[in-house]
Amino acid sequence: MLNPAPNGVTPLALRIDPSAEVYRCPASNRGRSTMSARVLVGVKRVIDYAVKIRVKPDHTGVVTDGVKHSMNPFCEIAVEEAVRLKEKKFVKEIVAVSCGPQQVQETIRTALAMGADRGIHVEVSGKDYETLGPLQVSKIMAALAKKEEADLIILGKQAIDDDCNQTGQMTAALLDWPQGTFASELTLEGGKLKVVREIDGGLETIMINMPAVVTADLRLNTPRYATLPNIMKAKKKKIANVKPADLGVDVSSRLEVLNVEEPAQRLAGVKVETVEDLVGKLKEAGRI
């Protein structure tokens, strides 16, 4: 497995428009037995972590045509955790959700091969897909949670392409559900979730009620590889196709990307033998 960037994201204050619609969990879900719980898992299609990213010549984005894509590694961890909960008889059904063009069905099939029961493909293409951000995805996940009467949403803490780390938090806010972010351990105890969170100062343990939103950190688990028999079975599992409009969601973006640049080339370093040499080099460079 890759080792994505550490959790060094600066916390942001999230302001929810009071006029925005809040999706609340149906009363039938609250207090429902975990044995019949339904879990929604978000799976994002991203450029594979081993691919060297190239910026388009017109600087409007990165090159994606002809580039290998795969499931976001943190989403793999989210799927694995959902499957483990099902294996422990805590949940009854796992639904994998992905937003994007036709190609995202490959990502959904991967989740199905890992153990998800069915998939939902939210069709977003063209310019809408290029500008699709955490807020739009959060609205989609919240609407699906309401439609599917989900008891738990598990997402990766962030995607390795944009590193936003916002979708889980926004989804919980829109649903008015408890959230357990950066989870490195997840346990169900008497209808509640015990979440061990990775924070700057170490680990924090919280108890939250269900329904809830959980985001998976790197050390939550090690995802399994899909076996050939399960890959074949996944081809027969159902994937429903819906459009954002069917869910009452507007995916138009309020953000505009002005320019995308590659990072500046790092200058080569110089080795020195002694402290005196180091001081001399720093003086020559005008640093001291």
Between residue 222 and residue 131, what is the label-point separation in nm under the 7 Å Cα-to-beta-carbon projection? 4.4 nm
So what is log10(I(q)/I(0)) for the range 178-236 at q = 0.12, 0.15, 0.19, 0.22 1/Å, when the Debye sum runs over its Cα atoms only? -0.40, -0.56, -0.70, -0.80
Rounded to the nearest whole Å², what accessible area per residue is found for the chain with the 1.4 Å probe? 57 Å²
Projecting each Cα onto the charge dipole of the range 173-288 (Lys/Arg +1, Asp/Glu -1 at the beta carbon, about the Cα centre), which of 278, 210, 259 comes out farthest on the positive side? 210
How do 91-98, 149-156, 265-272, 49-56 rank on mean C-beta neighbours within 10 Å, highest first? 149-156, 91-98, 49-56, 265-272
Determine the alpha carbon to alpha carbon distance for each of 88/147; 86/127; 56/237; 56/157; 56/283 and list only those over 31 Å. 86/127; 56/237; 56/283
Over the chain, with a Gaussian network built from C-alpha contacts below 10 Å, which listed residue (230, 259, 165) shows the highest mean-square fluctuation? 259
Given unit charges at Cβ for Lys, Arg (+) and Asp, Glu (-), the dipole magnitude of the chain about its Cα centre in debye, nearest 20, is 1140 debye
Rg and Dmax in Å for the range 75-123, alpha carbons only: what are they? 10.8, 34
Give the carbon-plus-sulfur fraction of the accessible surface of the chain in %, rounded to a whole number; probe 1.4 Å, heavy atoms of protein chains only. 52 percent
Run through the DSSP bridge list for the chain and note the antiparallel percent, rounded to the nearest 5. 40 percent
Among all helices in the chain defined by DSSP H, which have a length of 15 Å or more along the axis from Cα atoms plus a Kyte-Doolittle mean of at least 1.0? none
Alpha-carbon centroids, the range 186-209 and the range 37-80: separation in whole Å: 28 Å
Protection proxy ranking of 137-146, 74-83 - average other beta-carbon atoms within 10 Å, highest first: 74-83, 137-146
Too long for a 20 Å Cα-Cα cut-off, among 52/139; 68/236; 139/194; 89/194, are 52/139; 68/236; 139/194
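The values are calculated or read from the model by the stated rules, or taken from the named source; none is laboratory data. Small disclaimer: the values here were computed from a predicted structure and weren't measured. Heads up, the Cβs are rebuilt from the backbone with ideal geometry, glycines too, and the neighbour counts pull from every protein chain shown. Areas reflect the complete protein model, heavy atoms only, side chains present, ligands, DNA and RNA absent. Shrake-Rupley method; radii C 1.70, N 1.55, O 1.52, S 1.80 Å.
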